[in-house]
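Quick notes on the structure that follows.
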Amino acid sequence: MNLMTDTKLQQALETSVDDKTDELIKMQGRKVTVHYGYKQALFDIDLDIRENQVTALIGPSGCGKSTFLRCLNRMNDTIAGAKVGGMITLDSENIYDPRIDVVELRARVGMVFQKPNPFPKSIFENVAYGPRIHGLARNKADLQAIVESSLKKAALWNEVKDRIHEPGTGLSGGQQQRLCIARAIAVSPEVILMDEPCSALDPIATAKVEELIDELKQNYTIVIVTHSMQQAARVSQRTAMFHLGYLVEEGPTEKMFTNPDDKRTQDYITGRFG
Amino acid sequence: MPMIYYVILVISIGIVALVIARRRAALQIQGAVKQHSRPHYHGWWAFLLATVPAILLIIVWSIGSSIYVERRIDAQLPQQAADGPIASRSLALSLVGRLADALHRLDAETLANLPSSFEELRPKLAEKGVALAPDTQDYMIPIAVEANRTGDALQMTGGVLALLLSIAGAAYGIRSIQPRARARNNVERVVRWGLLASSMIAILTTIGIVLSMLFETFYFFSSVSPLDFFFGTVWDPRFAAAGATDSVGQFGLIPLLAGTLYIAFIALLVAVPIGLMSAVYMAEYASPHVRSIVKPALELLAGIPTIVYGIFALVTLGPFLRDLSAALTGGSPFIQAQSIFTAGFVMGIMLIPVVSSLSDDIITAVPRALRDGSLGLGATRSETIKRVVLPAALPGIVGAILLTASRAIGETMIVVLAAGVAARLTLNPFEAMTTITVKIVNQLTGDLEFNSPQTLVAFALGITLFAVTLLMNIVALYIVRKYREQYE
């Protein structure tokens, strides 16, 4: 990891993104590069993530959007041979700083994966997992309250309240994914990263998860990787287009889908390549 | 001409048929009709037709003719053989058989003027390097010669028949080549049956072993009651003096079973935690580079013959522990040189690679998504392992431990050398105890006759051991299989 010095950090922060708004910037990526072994997967990505908004990352397969997402909570650390360069901040703090504890970071920046991956435990234990390891509940009643509110926020409570102690793996795909979202919420993160959360779900389950994402943005900052243009258009406020490891362009979703600056964005959105 | 030459001839015919058939089939390609099978399938089909029936005939014929010859010898043996200097009829039979084999080695000239007394024949045979039992009687010589003659004639007939069958098969295979002939399907069918036969061999052998042990066990239970065997607490078989079967000892299984389980328990106590932790290290923490060195090194431990572990326990560890305990108490050692602890500990070391290698496979099989899910929630690596990976892998690990336990129960060489031979019941791990396997070895070493309970008990012990380990393996495989389905 080649970390930038503090002076470079200042310079980087000054080179702000195009349209100035009063929205708070939650996370900021500057000159982010990623190497997997000798292969470079990301080239100098500059991208801002705004607070309480949904940012969609789009682009054809292998363009690096998932790689960038995984940089945001340092999940790339778990991949042998992955090297991250440049700088990413969370509330103006460099998350690749050696002083940052990666466990604490991941508690603040939660993640929901492409394929629902509930632990082979009960629904309750799945949600209680995070609060338990972070010691968020003082007693049993506390823990129950956290589990219940998380499941409610994930719009799953009504469906599972009668079988909360049954295995989470017994739920349907869509329910499993919402369980994973509840599990992420239970740690009270500030940012939730979602890596194609609906790609393994049917349209009805997808609609439910999208609805949920829309509600969640009131309390959380959300970054979502998606292959579905419609989904990006439906749920996100801002969209970033990746191509071959480069950030093509980034802007308000409406503008990106109606009047993009770059021809590649237009081609991709209208389905001419991808 | 021994049968093996006929087999070689048959295979040669098969190869010739293969070449001809392939050529013939290749020539037909130019025809208007599309060929059903490629030429080499026609070749192989002709080869199989030429060889398989002929070789089967040779096998059946050989078995049949040897039975027939034995019957003939039996019929020719004089009735009073039982009262003669030779103890039993079966012994006489085998003596004639040996003699017949020996006569085969003599050249034609010697055979033509064979001496009629064994005294004269013996030095001639000795010249050829054949030593025969001095019990062989004069009257056996003509019987043996006659038997050889019959045997040779039968062999010749069988061999010629096989050759004819082989040629007929080859001819049929070559004649039946036509563009639409389904040689490929035929060959595939034969391959399938061949593979089935191979797998049947393993199963049939197992059944054969179990049955033979069962019969000997029943024989044993005719002199010792099963109740005394399975629930007896005293193991005192006495010695089996040749011919004297009056001294029946006590054959209590309990002390042996207790010793077996106790030592296996100590071994698992050593092997399971260490093996499991090394598996966790290799699967979760080790970098690919470290893993590529440590894993083969650990598995090298599994390649050390168990007798070497036994020697280590007997020569090094046992005396060391005894001296250590003597030094600790100031004179009297409380750890015996051969003890449950020594044997169990060394066996545990032997089993570490078994546990770690099996568990490593199981832990690596836990989907990466589960790990990512846990890490993504801010769990540390060890929390992830403790709370997600190990619980998910638990059924498989239990299966692995059961497989290891059955290895520990069946282990022989280490306990023979390190556990001692004293069959007793004790809870002190620093004393000697013995196991089922040790007693099987003890009862079967030396000059023995296989009709006294002292030796037959080995079969009863063997089948008990077999039943215990089989049960554990079945349970283990059931658990492991059930666990595998979980992620599909």
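The values are calculated or read from the model by the stated rules, or taken from the named source; none is laboratory data. Owing to the predicted nature of the structure, the values given are computational and were not obtained by experimental measurement. Positions of Cβ are backbone-derived with ideal geometry, glycine not excepted, and every protein chain shown enters the neighbour counts. Heads up: the accessible areas ignore ligands, DNA and RNA and are worked out on the full protein's heavy atoms, side chains in. Shrake-Rupley method; radii C 1.70, N 1.55, O 1.52, S 1.80 Å.
Quick one: angle between helix A:203-216 and the longest Cα principal axis of chain A, in degrees between 0 and 90, rounded to 10, please. Computed tilt is about 80 degrees.
Exposed loop sites are taken as trypsin sites (Lys or Arg not before Pro) in a DSSP loop (any state but H, G, I, E or B) with at most 16 other beta carbon atoms within 10 Å; the longest stretch of chain A without one runs A:139-271.
Looking at the square roots a ≥ b ≥ c of the eigenvalues of the Cα gyration tensor of region B:3-181, which shape do they give, rounded for a/c under 1.5, prolate if a/b is larger than b/c, or oblate?
Values: a/c = 4.80, a/b = 3.21, b/c = 1.50.
Note, shape of region B:3-181 comes out prolate.
For residue B:427 and residue B:238, a Förster radius of 22 Å and the Cβ-Cβ distance give a FRET efficiency of 0.20, rounded to the nearest 0.05.
Accessible surface ranking for A:227, A:35, 1.4 angstrom probe, highest first: A:227, A:35.
Note on residue A:152 and residue A:99: with the Förster distance fixed at 30 Å, the Cβ-Cβ geometry gives a FRET efficiency of about 0.25.
Net length available on complete extension from residue A:52 to residue A:79 is 6.8 nm, with 0.36 nm assigned per residue and the Cα-Cα distance removed. Size descriptors for region B:79-186: radius of gyration and Dmax over Cα atoms are 22.4, 71 Å. Computed over chain B, the P(r) curve from all C-alpha pair distances, binned at 20 Å from the origin, holds 16, 31, 37, 15, 1 percent per bin. Averaged over the residues of peptide A:108-119, the number of Cβ atoms from other protein chains lying within 10 Å of each residue's Cβ is 4.
Straight distance only, please: which aspartates and glutamates reach the Cα of residue B:295 with their own Cα at less than 16 Å, same-chain residues fewer than 8 apart left out? Straight-line reach from residue B:295, under 16 Å: B:284, B:360, B:361.
Counting only Cα atoms, the size of region B:235-485 along its three principal axes is 76, 49, 29 Å, in decreasing order.
Taking trypsin sites (Lys or Arg not before Pro) across region B:1-82, the ones in a DSSP loop with at most 16 further Cβ atoms lying within 10 angstrom of their Cβ are B:34. For region A:24-269, a Kirkwood hydrodynamic radius built from all Cα pairs, placed in the Stokes-Einstein relation at 37 °C and 0.692 mPa s, yields a translational diffusion coefficient of 179 µm²/s. With the whole protein complex present, residue B:306 retains an accessible surface near 40 Å², based on a 1.4 Å probe. Region B:90-123 and region A:157-194 have Cα centres spaced 88 Å apart.
Percent of alpha carbon pairs in region A:190-245 separated by more than 19 Å?
On the way: 359 of 1540 pairs.
Everything past 19 Å amounts to 23 percent.
May I ask you to derive the relative contact order of chain B, considering only C-alpha pairs under 8 Å and at least 6 residues apart, and to give it as an integer percent?
Working: 639 pairs, mean separation 79.5, N = 488.
Relative contact order here is 16 percent.
Summarising the label geometry, the points placed 7 Å from Cα in the beta-carbon direction at residue B:112 and residue B:290 lie 8.3 nm from one another.
Which loop trypsin sites (Lys or Arg not before Pro) in region B:179-242, with loop taken from DSSP, have no more than 15 other Cβ atoms within 10 angstrom of their Cβ? Show your work: numbers first, answer last.
Values: sites: B:180, B:182, B:184, B:189, B:192, B:238; in loops: B:180, B:182, B:238.
Hits after loop and neighbour filter: B:180, B:182, B:238.
Partners of residue A:255 within straight-line reach, counting lysines whose Cα lies under 19 Å from its Cα and excluding those fewer than 8 residues away in the same chain: A:20, A:263.
Considering only protein heavy atoms and a 1.4 Å probe, what is the carbon-and-sulfur percentage of the accessible area of chain A? Answer for chain A is 49 percent, counting heavy atoms of protein chains only. Between residue B:28 and residue B:192, the FRET efficiency estimated from the beta carbon spacing at R0 = 30 angstrom works out to 0.70.
Name the shape class, rounded, prolate or oblate, that the alpha-carbon gyration tensor gives for region B:358-425, where a ≥ b ≥ c are the square roots of its eigenvalues, rounded holds for a/c under 1.5, and otherwise prolate holds if a/b is larger than b/c and oblate otherwise. Show your work: numbers first, answer last.
Working: a/c = 4.42, a/b = 3.41, b/c = 1.30.
Prolate, because a/c is 1.5 or more and a/b exceeds b/c.
Inter-chain neighbour count for A:77-85: the average number of beta-carbon atoms from partner chains within 10 Å of each residue's beta-carbon is 2. Solvent-accessible area assigned to carbon and sulfur over region B:3-181 amounts to 62 percent, based on a 1.4 Å probe. Note on residue B:199 and residue B:66: the model spin-label points, each 7 Å out from Cα along the C-beta direction, lie 3.0 nm apart.
The alpha-carbon of residue A:65 sits under 17 angstrom from the alpha-carbons of these lysines, leaving out residues fewer than 8 places away in its chain: A:31, A:39, A:83, A:115. Accessible area per residue for the protein assembly as shown is 50 Å², calculated with a 1.4 Å probe on protein heavy atoms, without ligands, DNA or RNA. Entry note, chain A: relative contact order of 25 percent, from Cα contacts under 8 Å with a spacing of 6+ residues. Note on residue A:35 and residue A:259: the model spin-label points, each 7 Å out from Cα along the C-beta direction, lie 4.2 nm apart.
Counting only protein chain heavy atoms and rolling a 1.4 Å probe, the accessible areas of B:7, A:225 rank, largest first, as B:7, A:225.
By the compact-protein rule of thumb, 2.2 N^0.38 Å, the alpha-carbon radius of gyration of region A:126-273 corresponds to a ratio of 1.20.
Going by a ≥ b ≥ c, the root eigenvalues of the Cα gyration tensor, does region A:15-106 fall in the rounded group (a/c under 1.5), the prolate group (a/b larger than b/c) or the oblate group?
Numbers: a/c = 1.83, a/b = 1.27, b/c = 1.44.
Oblate.
Over all alpha-carbon pairs of the protein assembly as shown, lay out the pair-distance distribution in 10 Å bins, whole %, shortest bin first. Histogramming the protein assembly as shown at 10 Å steps yields 2, 10, 13, 13, 13, 14, 13, 10, 6, 4, 2, 0, 0 percent.
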